[in-house]
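A short worksheet on the structure shown next.
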Amino acid sequence: MKFIVASYPRSGNHLVRGILEFGFRRPTLGPPALLMRDGPIADRPPNAAKRVIAIEDREPIGLKAHYLHHVLAHQRKFPDATGVLLVTRNPGEAITSQLLRRFSRSPWLTERRLRLGVERNVSDYLGLLFLHQAWQADRRWHLEFERLVDPKGSLDYVNAFLARIGAPHRLDASQWAGLQQVTKESQSSLGSLGARRKPRVRAAVEAHLRAEDAKRLMAG
């Protein structure tokens, strides 16, 4: 079985791919259109320098997906990819971060553009939640971004997850710190314009979808 690692952008997909690669010693691949170009975390320069992840078997264990159509395309290409691993982040944080980067090249942001952007991205976020809820119960898993980056409990959280999915390897504290470093994605600064827009964009997002709404939907 392969895991389709589904997450709205900026919700820890890169980190979870690294966790799977470490736990199974097998690679992960990118979204359908970039399947090989968005290659394994283990093969990238940060890991090549630190050698935190070692690949022993080249059969992929994970497939990256940010949108519903990514999941469906992976399922068609890999019929054995029947496990969906959903990674969620507070929608106010995740969607705001994504929208601010999309709006970053425009000197102005109209109410219409903001409204359309929020509605489209909230729909993308919710699509993954609904897909997860509809998936076969014993073939779906869920990780919370906030718990993955919690400095106090994240190691226990990750190792419990690896045990739950039958991964043969676990992380110690040193390995976990190293893995977090090699899976840290570089993100360009939002700049002063993005910082000024952030409260406005976040308010628009949370008028449609709040963290408590997402948790309630995940709880069924």
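When ALA73 is tested against the conditions (1) modelled with pLDDT of 95 or more; (2) surrounded by fewer than 19 Cβ atoms within 10 Å (Cβ to Cβ); (3) touching a helix residue (DSSP H, G or I) at 6+ places or on another chain (Cβ under 6 Å), the lone failure is (1). Of all the residues in region 15-40, those that are out of contact with any Leu (no Cβ under 9 Å at 6 or more places or on another chain) and either among the aliphatic types (A, V, I, L, M) or at pLDDT below 95 (or both) number 3. Screening THR82 on (1) in contact with a strand residue (DSSP E or B) (Cβ under 6 Å, 6 or more places away or on another chain); (2) open to solvent by 30 Å² or more (accessible area, probe 1.4 Å) shows it passes everything except condition (1).
Only one of the numbered conditions (1) farther than 19 Å from ARG89 by Cβ; (2) open to solvent by 70 Å² or more (accessible area, probe 1.4 Å); (3) part of a loop (DSSP other than H, G, I, E, B) is not met by SER174, and that is (3). Comparison of ALA195, ALA167 shows that the only residue that is outside any loop (DSSP other than H, G, I, E, B) and hydrophobic (A, V, I, L, M, F, W, C) is ALA195.
Yes/no matrix, rows are residues, columns are (1) touching a His at 6+ places or on another chain (Cβ under 7 Å); (2) touching a residue at least 60 places away in the same chain (Cβ under 8 Å); (3) of a type in the set (Gly, Ala, Ser):
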| site | (1), (2), (3) |
| --- | --- |
| TYR8 | yes, yes, no |
| VAL16 | no, yes, no |
| ARG25 | yes, yes, no |
| LEU29 | no, no, no |
| ARG37 | no, no, no |
| ALA42 | no, no, yes |
| ALA48 | no, no, yes |
| ALA54 | no, no, yes |
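How about region 155-171: which of its residues are open to solvent by less than 80 Å² (accessible area, probe 1.4 Å) and either of a type outside the set (A, V, I, L, M) or free of Cβ contacts under 8 Å to residues at least 40 places away in the same chain (or both)? Within region 155-171, LEU155, TYR157, ASN159, ALA160, PHE161, ALA163, GLY166, HIS169 meet the criteria.
The residues of region 146-203 that are in contact with a Gly (Cβ under 6 Å, 6 or more places away or on another chain), within 17 Å of VAL87 (Cα to Cα) and of a type outside the set (Val, Ile, Thr), listed by number, are LEU148, LEU162.
Being surrounded by fewer than 18 Cβ atoms within 10 Å (Cβ to Cβ), of a type in the set (D, E, K, R) and part of a loop (DSSP other than H, G, I, E, B) is a description that does not apply to ASP138.
The values are calculated or read from the model by the stated rules, or taken from the named source; none is laboratory data. Bear in mind that the values here come from a model prediction, so they are computed numbers and not experimental data. Using ideal geometry, Cβ is built from the backbone for each residue, glycine included, and neighbour counts are taken over all protein chains shown. Heads up: the accessible areas ignore ligands, DNA and RNA and are worked out on the full protein's heavy atoms, side chains in. Shrake-Rupley method; radii C 1.70, N 1.55, O 1.52, S 1.80 Å.
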